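To keep things clear, I will list the structure first and then write my remarks on it.
No lab work stands behind these numbers, since they all come straight from the coordinates. The structure presented is a predicted model; accordingly, all values stated were derived computationally and were not measured. Here the Cβ positions follow ideal geometry from the backbone for every residue, glycine too, while neighbour counts run over all protein chains shown.
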Amino acid sequence: MRNISDVIEQYLKGILHESPEGLIEIQRNDLADHFSCVPSQINYVISTRFTLEKGYLVESKRGGGGYIRIQRIDLPQYSALHTHLHQTIGNNIDQTVAEGLIYQLEEARFLSKREANMMRASISREVLMVKLPYRDEIRARMLKAMLISLLGK
């Protein structure tokens, strides 16, 4: 059985997918009522599963008429992907940002689940047992090489 965070995430992704503008505005309290949970649960889901690294832009306005706006940021098409990867990854990348990029590529179906899992395993700090900053530099080179190989046409 899935937990409430997974259910909320899938619900939000579903309505975001249906949105012609690629964005949704929700009221945190209304969503909490809908799922019979506390508003902080909604905050948790949004702050951990709808991050910039995972391809989402989140804006919130507090107060009586407040809202949370979630917008999906689409990856550039294949022609610009190589440049995008070099700009995003740069010469070094930490594990959290790298995993977020892999997640974004998997969600956009540029990578299969198996490819994404293999990439996450190969760039983990447990595998790259080298001191910083070298570990982040090696991770960036490996990530770029894998993505260019997998996504190159």
> So between Asp94 and Glu137, what do we pick up on full extension, going 0.36 nm a residue minus the alpha carbon distance?
Replying inline: 14.6 nm
>> Whole angstrom only: what separates the Cα centroid of the stretch 1-64 from the Cα centroid of the stretch 80-153?
In response: 26
> Which ³J(HN,Hα) values, rounded to whole Hz and listed in residue order, are derived for the stretch 11-21 from phi using the Karplus coefficients 6.51, -1.76 and 1.60 in 6.51 cos²θ - 1.76 cosθ + 1.60 with θ = phi - 60°, glycine and proline given as x?
Replying inline: 4, 5, 5, x, 6, 5, 5, 6, 6, x, 7
>> Give me the three principal axis extents of the chain from the C-alpha atoms, as integers in angstrom, largest value leading.
In response: 48, 34, 31
> Could you give the nm distance between label points at Ser47 and Val130, where each point is 7 Å from its Cα heading toward the beta carbon?
Replying inline: 3.4
>> Let me spell out the model: positive unit charges on the Cβ of Lys and Arg, negative unit charges on the Cβ of Asp and Glu, origin at the Cα centre of the chain. What dipole size does that give, in debye rounded to 20?
In response: 440
